[in-house]
């Protein structure tokens with residue numbers, strides 16, 4: 001029987017598939033682009049059929065590239081992207097509302113009096129970023145028919161016919177009782193979703209069905225939300241360390257152990273994973289725009305792409321007094337003000353593209369440092385280091401800036417596709433319960449370690465400038 005697995009990461013802007021062999025590493029890859037639509041009013045939609053097609057295309061390409069059979073399939077998902085769909089035909093009944101979509105602000109506004117109750121129940125702040133407000137918006141404005149779920153449940157149903165979601169993804173909805181890892185009747189009631197056929201909640205490594213969508217019949221044995229899969233691949237399995245993935249957004253997760261832990265610093269509390277019925281937990285903070293902020297600078301013509309960050313930024317010694325709060329899709333954790341816009345201050349006639357690049361890197365790094373400080377405050381101890389992955393980790397300028405502002409070492413993962421590798425490890429565990437978690441995880445150290453190069457005083461000064469700019473936004477932005 002083959003030991004390799006097919007690991008598929010269905011992301012915001014594309015689907016990456018890997019064939020992973022425990023001895024030889026990645027032996028096949030495939031990619032298929034996804035094109036979400038950014039519409040007025042903070043709306044972000046995707047064609048569900050394009051999402052499903054990208055999963056099948058990327059998976060088949062990876063299998064063809066590997067040229068050998070695999071034992072099982074693992075599937076990672078975007079987390080908070082939702083749609084309505086017909087359980088009889090599998091046909092989508094609406095577009096997919098992507099996690100960045102803000103149209104459910106009105107739903108959250110109506111529930112403001114219940115924000116503390118919901119946060120205590122579910123671990124999540126009341127924000128349209130999460131799935132439940134979007135699900136309620138779909139039911140109110142688009143259709144009452146079919147099921148309304150996160151995108152993973154629909155993809156799994158199309159692949160296998162099962163109606164399930166994993167415990168980690170369920171914890172991103174705003175409908176999960178975090179202490180019991182079961183759907184909360186009270187949260188369901190508050191969101192007006194009574195009577196919904198919610199998916200069964202399963203372990204992250206478990207046999208949930210079989211599919212022939214990729215050619216040979218494969219068991220689906222691993223499921224995870226993207227950031228928790230990356231957390232696992234980075235071997236952040238004990239409290240004290242954290243990981244940050246720099247993708248479309250930046251996502252910092254800190255492991256908190258076997259009991260749910262609600263912080264007071266503005267982070268979300270979530271399920272990290274559930275294996276063999278045992279639930280691990282994490283704290284989670286987001287920066288809504290990371291690579292998408294780089295794309296914004298690119299669209300303006302300041303740079304030609306992410307590869308320009310280092311050479312353009314190297315043309316100047318610092319940000320030249322420019323401060324950039326790159327809240328181009330709103331401020332996420334720990335402020336939770338998705339209604340606010342970004343700011344770019346301190347501009348002068350001498351401001352150059354290099355200053356803007358450095359200001360962007362500093363703004364991103366400062367936001368991630370705020371998340372790390374919030375996690376440390378909630379844990380009661382400082383984080384010892386930050387493990388990082390994602391496309392923007394190729395920028396030495398951004399990573400050095402991150403180490404400088406955080407005043408902690410930054411370990412850049414040797415795993416460029418940590419999410420896929422994490423769900424691949426879950427698929428191996430689900431296919432072979434004799435394996436331990438340590439056996440299933442990739443055993444790879446960092447490619448680079450960035451140590452702080454500036455003093456603590458300078459880091460404090462730079463972060464204070466950023467906090468001052470955020471405070472100005474909070475004071476003057478929409479209520």
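Some values worked out for this structure:
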{"read-out": "Strands (runs of 3 or more DSSP E) wholly inside region 258-326 that include at least 2 residues being over 23 Å from residue 343 (Cα atoms) and not assigned by TED's automatic domain parsing to the domain that holds residue 345", "value": "268-275, 278-287"}
{"read-out": "Residue identified as outside any strand (DSSP E or B), assigned by TED's automatic domain parsing to the domain that holds residue 105, under 22 Å from the mean Cα position of the chain (by Cα) and under 21 Å from residue 260 (Cβ atoms) among 173, 165", "value": "173"}
{"read-out": "Residue within region 236-250 that is surrounded by fewer than 19 Cβ atoms within 10 Å (Cβ to Cβ) and over 29 Å from residue 326 (Cα atoms) present", "value": "yes"}
{"read-out": "Counted residues, region 233-257 - those being over 18 Å from residue 334 (Cα atoms) and either in a loop (DSSP other than H, G, I, E, B) or modelled with pLDDT of 95 or more (or both)", "value": "9"}
{"read-out": "Identity of the residue in region 314-344, in contact with a strand residue (DSSP E or B) (Cβ under 6 Å, 6 or more places away or on another chain) and closer than 14 Å to residue 462 by Cβ, that ends up surrounded by the most Cβ atoms within 10 Å (Cβ to Cβ)", "value": "324"}
{"read-out": "Single unsatisfied condition, residue 294 versus (1) more than 23 Å from residue 409 (Cα to Cα); (2) in contact (Cβ under 8 Å) with a residue 24 or more places away in the chain; (3) surrounded by fewer than 24 Cβ atoms within 10 Å (Cβ to Cβ); (4) out of contact with any strand residue (DSSP E or B) (no Cβ under 9 Å at 6 or more places or on another chain)", "value": "(3)"}
{"read-out": "Yes/no for residue 187 being outside any helix (DSSP H, G or I) and farther than 16 Å from residue 81 by Cβ", "value": "no"}
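The values are calculated or read from the model by the stated rules, or taken from the named source; none is laboratory data. Everything quoted here is computed from the prediction, not taken from an experiment. With ideal geometry, Cβ positions are generated from the backbone for all residues, glycine too; neighbour counts draw on all protein chains shown.
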